[in-house]
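What follows is a short report on a single structure.
The values are calculated or read from the model by the stated rules, or taken from the named source; none is laboratory data. Quick caveat, the model's predicted, so the values are computed rather than measured. Reconstructed Cβ throughout: ideal geometry from the backbone, glycine too, with neighbour counts over all protein chains shown.
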Amino acid sequence: MGQPFLFRVIDKAVYDYNMICDGDRILVGASGGKDSTALIHYFANRLKRKNSNFSVTALHIQSEITPALSGELCGLFSGWGLGIENLNVNVLGRLKSGRRMNCWWCSTQRRTELLNYALKNGYNKLALGHHLDDVLETLLMNMINRGELSTMAPAMRYRDYPLTVIRPLYYADVNSIIAHGNEYGYMATTCSCSYQDNSGRKEARGHLEELTGGDVMKKQRILKSLKNICPEYLP
């Protein structure tokens, strides 16, 4: 029996960008949402394949705004053979006076904690659950708001730390992730942050929908264009 469709998509990104190597110690951020759950499911599956000489730990950053992982979800991870660690962080308490909580601030704080945990405990790779739609939305946001052609990298080694960030869902569109979650019966158990204030990304999501009509092939071609540059037709 072959691998699920989503896992084959992830395998291609992992292969194309050499995301997993022998001896890797990988920390994966577990938000409790569909994306990180799909990523954890993939890693659990990958570890059971032949010649899988690496290790994975899932870490959930819990805060005042981010709910604890449900018992159902923790049971699911356990059933897949992958344990989960929890770390409590006071995100609201870090806000400076007069500043308003937003998604960017919260995600930055959680990623900082993931980074610190990885460095402190000897992990050499940090796996995040950003998918194809996230990558293209970030591209549009940077173009429109900053006048810059940039987005999330599939694999990026920090200059100052012995750590590489990898995004195995790089080629996977959001609908494929939802379909996978429905097929394996966990979509109803996942949740995301109860606090939502991210109008910039929502606007970019709308622009992406207008450009592609949700067509995954069009999304993939936009991503491909970033590696297929014709300098003579640019300023």
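Miscellaneous remarks
- Residue in segment 157-207 that is modelled with the lowest pLDDT, counting only those that are small (G, A, S) and exposed (fewer than 14 other Cβ atoms within 10 Å of the Cβ): S194
- Within segment 15-40, the set of residues being in contact with a Cys (Cβ under 8 Å, 6 or more places away or on another chain) and on the phi > 0 side of the Ramachandran plot comprises just one member, G32.
- Single residue of segment 47-63 satisfying the filter (assigned to a strand (DSSP E or B) and of a type in the set (S, T, N, Q)) that is surrounded by the fewest Cβ atoms within 10 Å (Cβ to Cβ): S55
- Residue that is nearest to M187 (Cα to Cα), among those in segment 1-34 that are modelled with pLDDT of 95 or more and either touching a Leu at 6+ places or on another chain (Cβ under 9 Å) or part of a strand (DSSP E or B) (or both): L6
- Boolean, Y158 is within 21 Å of L39 (Cα to Cα) and not small (G, A, S): no
- Failed item, numbered, when A188 is tested on (1) among the small types (G, A, S); (2) under 21 Å from A30 (Cα atoms); (3) touching a residue at least 12 places away in the same chain (Cβ under 8 Å): (3)
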